[in-house]
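Just below is one structure, and these are the notes that go with it.
FYI, it's all coordinate maths here, none of it is from the lab. Computed from a predicted model, the values in this text were never measured in an experiment. Methodologically, a virtual Cβ is constructed for each residue, glycine included, from the backbone with ideal geometry; neighbour enumeration extends over all protein chains shown.
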Amino acid sequence: MAVRHFLTLNDMTPDELNQLLAHASSLKQEWRAGKLRDSLKNRVLAMIFEKSSTRTRVSFEAGMAQLGGSAMFLSPRDTQLGRGEPIEDSAIVISSMVDAVMIRTFAHNKVTSFADASKAPVINALTDDFHPCQLLADMQTYREHRGSIQGATVTWVGDGNNMCNSYINAAMQFDFNLRIACPAGYEPAKALLDKAGNRVTVIADPDEAARGANLLVTDVWASMGQEEEQQTRESDFKDYQINPKLMQLADKDALFMHCLPAHRGEEISADMLEHSSSVVWDEAENRLHAQKALLEFLILGQLD
């Protein structure tokens, strides 16, 4: 059977994605009930980090342990990846020794190049272009709180970054409508918007974009690697904050999500994480369970 990778949401069919989310919720219930599971016993996940992380490392490492397997942390300082060895050469060697590889890096082509040469499944745990694992957690969270997201209206407030790009993919894969509220010059790539067609609308006014929405989502104004732009971005995005006033324009049952870490007082008001609409802590925990389901699917080829 051909090896399957998970580099964007488009690497799975809509049916597979929905099955995966259902399985993730089932795994979550099992874990909370104290049921032991060793589906990945003696399996090994290599975790390659060129970008630092809290939730990604903890969720993947804990997830492998909860499924009976193990995970090893690899940084550029610890491997030849940081010393000029071609990515393809590293991929051939590493993938011959482990059952799956998770990569969190800057350039998306590093992940695709690694996957092209890998004998084991490769998971994109974040690049500058996409963050599909976070979208699995977000979609699982919405499903658990509100049921199917099909036909819903989702509003993204902020930069047209990797999270926004993955929400565009999600709009197509999960069949919802996406509004993107961002300042001029910070829109997502035109090619991605063109592919989405009328599924996605870019709206300059965040109030207009939020009106009647079922879910409001945001991310930091300056992502990792953009620290030098912080002051400029603070000025450009000052009107693009999710706060209780903006939530009032959304549907009365609307949810609020943020992938974290959050900068309180910037992209969100100081009180938004504790707002009645916030499901951010459930969303963060669901990284663990969605990724366990993903690991089983990629390594074992099954969703049950």
query: Which aspartates and glutamates does LYS238 reach when only Cα atoms under 13 Å apart count, and residues fewer than 8 places away in its own chain are ignored?
result: ASP159, ASP205, GLU266, GLU267
message: Cut-off under 24 Å on the C-alpha distance; same-chain residues fewer than 8 positions from LYS195 excluded. Which lysines are left, in chain and number order?
response: LYS110
Candidates LEU126, LEU45, LEU249: whichever shows maximal mean-square fluctuation once the chain is modelled as a Gaussian network with Cα springs under 10 Å: LEU249
field: Structure-based [θ]222 nm, the chain - -39500 (n - 2.57) summed over DSSP H runs of at least 4, per residue, nearest 500
entry: -12000 deg cm²/dmol
- request: Quote the convex hull volume per residue of the range 134-283, based on C-alpha atoms, as a whole number of Å³.
  value: 99 Å³
message: Placing unit charges on C-beta atoms (Lys and Arg positive, Asp and Glu negative, everything else neutral), compute the dipole magnitude of the range 134-283 about its Cα centre in debye, rounded to 20.
response: 520 debye
- request: Name the residues whose placed amide hydrogens come within less than 5 Å of the amide hydrogen of SER278, ignoring near sequence neighbours (fewer than 5 apart) on the same chain.
  value: PHE256
query: Quick one, what does Rg over Rh come out to for the range 45-121 if you take C-alpha atoms and the Kirkwood Rh?
result: 0.94
field: Pairwise FRET efficiency - LEU36 versus ARG146, Cβ, R0 = 41 Å, nearest 0.05
entry: 0.85
statement: For the chain, the longest principal axis of the Cα atoms and the Cα long axis of helix 132-146 enclose an angle in degrees, to the nearest 10, of 60 degrees
- request: Could you give me the radius of gyration and the Dmax of the chain, taking only the C-alpha atoms into account and expressing both in angstrom?
  value: 18.9, 54
message: So if I take the centroid of the Cα atoms in the range 129-150 and the same for the range 229-304, what is the distance between those two points in Å?
response: 10 Å
- request: Can you list which of the trypsin sites (Lys or Arg not before Pro) found in the range 26-62 are DSSP loop residues with at most 15 other C-beta atoms within 10 Å?
  value: LYS35, ARG37, LYS41
- request: Can you tell me the 0 to 90 degree angle between the C-alpha axis of helix 55-66 and the longest principal axis of the chain, rounded to 10?
  value: 40 degrees
- line: With the charge dipole of the range 134-283 built from beta-carbon charges (+1 for Lys and Arg, -1 for Asp and Glu) about the Cα centre, the Cα from GLY197, ASN165, ASN243 projecting farthest to the positive end belongs to GLY197
statement: Looking only at lysines whose Cα falls under 19 Å of LYS28's and that sit 8 or more positions away or on another chain, we get LYS41, LYS292
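At 0.36 nm per residue, and after removing the present C-alpha to C-alpha distance, how many nm does the segment from ASN198 to ALA2 gain when stretched out fully?
Extra length available between ASN198 and ALA2 comes to 67.2 nm.
If you take every residue apart from MET257 with its C-beta less than 11 Å away from the C-beta of MET257, what net charge results, scoring Lys and Arg +1 and Asp and Glu -1?
Surrounding charge for MET257 is -4.
Find, among the trypsin sites (Lys or Arg not before Pro) in the range 206-304, those assigned to loop by DSSP (not H, G, I, E, B) with at most 14 other beta-carbon atoms within 10 angstrom.
Values: sites: ARG211, ARG233, LYS238, LYS245, LYS252, ARG264, ARG287, LYS292; in loops: ARG211, LYS238, LYS252.
Here the sparse-neighbourhood loop sites are LYS238, LYS252.
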- request: Given the options ASN243, ASN169, ASN161, state which has the largest fluctuation in a GNM of the chain using a 10 Å cut-off (strictly under) for Cα springs.
  value: ASN243
field: GNM result for the chain, Cα springs below 10 Å: residue of MET172, MET72, MET257 fluctuating most strongly
entry: MET72
message: If each residue of separation counts as 0.36 nm, what is the full-extension length gain between ALA184 and ASP15 once their alpha-carbon separation is subtracted?
response: 57.3 nm
